[in-house]
Amino acid sequence: MKELADYVTTIPDFPKEGIMFRDVTTLVQDPDGLKQTIDGLVEHLKGVDFDVIVGSESRGFLFGAPVAYAMGKGFILARKKGKLPREVISEEYALEYGTATIEMHTDAIKPGQKVVIIDDLIATGGTTEAVVKLVERLKGEIVSIGFVIELAGLKGMEKFEKYHPFSLIKYPGA
């Protein structure tokens, strides 16, 4: 059986020179890679007491929803601004060249619900930090944060130590 990292394609100098882009599309298009990923996330969450999973747009949906299904939990969308139809709360966060806003429905999380956040990749942690703020504003309790890929050189994981973060694949650089 291939290692999970073998399914990820690395593209040098994309989107700009010096960046090693980790492409998860080759992982999800392969049935074995996708199964190994979802099974790995589920395995990390066995024994964790939680109620719902929050996935960040858009690749967090690819991984969070099947894990929620496999574990019999609900799934909550954290979406880009203007994509959700009902009343929302918003959080702005920094990007490399500007800012973005992520939103959740105001009724998505009930006070005291135990939440797991899942996304495809952690770099500096800006998107996840915004999702954490949304969950906490809705009075949810974050019990774990999971990523398929961690770019350890950017130290984003350190921001979330109190939430028991984990990753399935760790790359040493950026």
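The values are calculated or read from the model by the stated rules, or taken from the named source; none is laboratory data. Worth saying up front: this structure is predicted, and the values here are computed from it rather than measured. Methodologically, a virtual Cβ is constructed for each residue, glycine included, from the backbone with ideal geometry; neighbour enumeration extends over all protein chains shown. Note: accessible area is taken over every heavy atom of the protein model, side chains too, but ligands, DNA and RNA are not part of it. Shrake-Rupley method; radii C 1.70, N 1.55, O 1.52, S 1.80 Å.
Taking first residues from segment 129-144 that are open to solvent by less than 10 Å² (accessible area, probe 1.4 Å) and partners that are among the small types (Gly, Ala, Ser), the Cβ contacts under 6 Å between residues at least 6 apart in sequence or on separate chains come to Val131/Ser56; Val131/Ala78. State whether the residues of segment 79-98 include one that is outside any loop (DSSP other than H, G, I, E, B), touching a Phe, Trp or Tyr at 6+ places or on another chain (Cβ under 8 Å) and not small (Gly, Ala, Ser). No, segment 79-98 has no match at all. Out of curiosity, is Val67 in contact with a His (Cβ under 9 Å, 6 or more places away or on another chain) and either open to solvent by 30 Å² or more (accessible area, probe 1.4 Å) or closer than 16 Å to Gly146 by Cβ (or both)? The answer is no for Val67. With respect to (1) touching a helix residue (DSSP H, G or I) at 6+ places or on another chain (Cβ under 8 Å); (2) outside any helix (DSSP H, G or I); (3) among the aliphatic types (A, V, I, L, M), the lone exception for Ile76 is condition (1).
Note on segment 145-166: residues that are open to solvent by 30 Å² or more (accessible area, probe 1.4 Å), outside any helix (DSSP H, G or I) and out of contact with any helix residue (DSSP H, G or I) (no Cβ under 8 Å at 6 or more places or on another chain) amount to 2.
The single condition from (1) touching a helix residue (DSSP H, G or I) at 6+ places or on another chain (Cβ under 6 Å); (2) open to solvent by 40 Å² or more (accessible area, probe 1.4 Å); (3) modelled with pLDDT of 95 or more; (4) not charged (D, E, K, R) that Pro172 fails is (3).
Tell me, please, whether a residue that is outside any helix (DSSP H, G or I), open to solvent by less than 70 Å² (accessible area, probe 1.4 Å) and farther than 25 Å from Gly153 by Cβ can be found in segment 21-42. Checked segment 21-42: at least one residue is outside any helix (DSSP H, G or I), open to solvent by less than 70 Å² (accessible area, probe 1.4 Å) and farther than 25 Å from Gly153 by Cβ.
On inspection, Asp30 passes the criterion of being farther than 28 Å from Glu92 by Cβ and of a type outside the set (Gly, Ala, Ser). Taken over segment 43-64, residues that are among the hydroxyl-bearing types (Ser, Thr, Tyr) and surrounded by fewer than 20 Cβ atoms within 10 Å (Cβ to Cβ) amount to 1. In the condition set (1) surrounded by fewer than 15 Cβ atoms within 10 Å (Cβ to Cβ); (2) touching a helix residue (DSSP H, G or I) at 6+ places or on another chain (Cβ under 8 Å), Ile109 is compliant with all but (1).
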